[in-house]
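Visitor: There's a structure below that I have some questions on.
The values are calculated or read from the model by the stated rules, or taken from the named source; none is laboratory data. Computed from a predicted structure; not experimentally measured. Virtual Cβ from ideal backbone geometry, glycine too; neighbours counted across all protein chains shown. Calculation scope for accessible area: heavy atoms of the full protein, side chains included, ligands and nucleic acids excluded. Shrake-Rupley method; radii C 1.70, N 1.55, O 1.52, S 1.80 Å.
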Amino acid sequence: MDVTLMPVGTIGRPLLEAVKARLESLGFSCFLSKEHSIPDKAYNPLRNQYLVHQFLDLVNTEEGHHLLITSVDLYIKGLNFIFGYAPGPNAIISIARLQGARLEERTVKEAVHELGHVLSLGHCSNPRCVMHFSNTLSDTDYKSVKFCSECLKRLPPSFQE
Ligand SMILES: [Zn+2]
Ligand SMILES: [Zn+2]
C-alpha cells in the first residue's frame, strides 16, 4: 500500500525518516510530503487541544492514502484525547503525548496501528500486537511494532513475511 507521510506542524526530520523506514520495512511504500501548517480553526481554547476533523480535511479530497503526523494534542467528541484516528483512507497520529526517550518507537507503533485500521483491521486482544488498543502510554510501550500472526493473516500478501 502506498502512503504519503505528511507532517502537520513542525516534526523533526529524523523522526519522519525513522517512521518512513519502519513502515517500508513492514511492507508499505512511503512518500514524505512537505510540511503543512496546523489548521487554526481546529483549536479549542477551552481544552487547549485541536479537533481532529479539520486535519483530515487537508487530504480528504485527495487520491490515495495519507498518514498525517502532528505535534499538537488532538481530541474527538467524547474522548479526552486521541493518540491517532483513522476513519477512512487517511489517518492521523499526534506525537504530543508520546514524548520521551521512546518517542521514535512510540510514533512508529501508533503509525502502524492507524494504518492497520486503514487496512480494515480492528482492535486485537493480544497486548503485544500493534493493533491492541492503547489507553495509556504503558499500553503503547508494552505492545510491539508488529502485527500478530492473526492480524497478519487478514492483511494483503505484500505484508506477509
Ligand atoms: Zn485503534
Ligand atoms: Zn493482532
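Visitor: K109 versus (1) of a type in the set (K, R); (2) away from ligand 2 (no atom under 16 Å from the Cβ); (3) open to solvent by less than 30 Å² (accessible area, probe 1.4 Å): which is the lone unmet condition?
Guide: Going through (1) of a type in the set (K, R); (2) away from ligand 2 (no atom under 16 Å from the Cβ); (3) open to solvent by less than 30 Å² (accessible area, probe 1.4 Å) one by one, K109 breaks only (2).
Visitor: Another question, then. Select from region 16-30 the residues that are outside any helix (DSSP H, G or I) and surrounded by 15 or more Cβ atoms within 10 Å (Cβ to Cβ) and write down the one among them that is modelled with the lowest pLDDT.
Guide: G27
Visitor: Can you give me the ranges of the strands (runs of 3 or more DSSP E) entirely in region 44-161 with at least 2 residues that are under 23 Å from G27 (Cβ atoms)?
Guide: Strands (runs of 3 or more DSSP E) meeting the threshold: 65-70, 91-94.
Visitor: Can I ask one more? Cβ-Cβ below 8 Å, separation at least six or inter-chain, first residue in region 92-121 and in contact (Cβ under 8 Å) with a residue 24 or more places away in the chain and of a type in the set (S, T, Y), second open to solvent by 10 Å² or more (accessible area, probe 1.4 Å) and within 16 Å of ligand 2 (Cβ to nearest atom): which pairs?
Guide: Listed pairs, sorted by first residue: S120/R154.
Visitor: I would also like to ask the following. So the check is Cβ under 8 Å with 6+ separation or different chains; which pairs have a first residue in region 125-151 that's closer than 19 Å to L79 by Cβ and a second one that's of a type in the set (D, E, K, R) and surrounded by fewer than 21 Cβ atoms within 10 Å (Cβ to Cβ)?
Guide: H132/D139; F133/D139; L137/R97
Visitor: Look at R154 and say whether it is among the charged types (D, E, K, R), closer than 22 Å to D2 by Cα and open to solvent by 70 Å² or more (accessible area, probe 1.4 Å).
Guide: So R154 passes the test.
Visitor: For region 121-151, give me the residue count where each residue is surrounded by 15 or more Cβ atoms within 10 Å (Cβ to Cβ) and within 8 Å of ligand 2 (Cβ to nearest atom).
Guide: Residues flagged as surrounded by 15 or more Cβ atoms within 10 Å (Cβ to Cβ) and within 8 Å of ligand 2 (Cβ to nearest atom) within region 121-151 amount to 10.
Visitor: OK, next. Condition check: modelled with pLDDT under 95, out of contact with any Lys or Arg (no Cβ under 6 Å at 6 or more places or on another chain) and more than 22 Å from Y142 (Cβ to Cβ). Does M6 satisfy that?
Guide: When the stated conditions are applied, M6 does not pass them.
Visitor: If I filter region 59-77 for residues that are within 15 Å of ligand 1 (Cβ to nearest atom), among the hydroxyl-bearing types (S, T, Y) and open to solvent by 70 Å² or more (accessible area, probe 1.4 Å), do I get at least one hit?
Guide: Scanning region 59-77, I find no residue that is within 15 Å of ligand 1 (Cβ to nearest atom), among the hydroxyl-bearing types (S, T, Y) and open to solvent by 70 Å² or more (accessible area, probe 1.4 Å), so the answer is no.
Visitor: crowded, with 21+ Cβ neighbours inside 10 Å, under 16 Å from V8 (Cα atoms) and not hydrophobic (A, V, I, L, M, F, W, C): which single residue out of G116, G84 fits that description?
Guide: It is G84.
Visitor: Here's a follow-up. Being within 27 Å of F147 (Cβ to Cβ) and out of contact with any Ser or Thr (no Cβ under 8 Å at 6 or more places or on another chain) is true for just one of R47, R22. Which residue is that?
Guide: So the residue among R47, R22 that is within 27 Å of F147 (Cβ to Cβ) and out of contact with any Ser or Thr (no Cβ under 8 Å at 6 or more places or on another chain) is R22.
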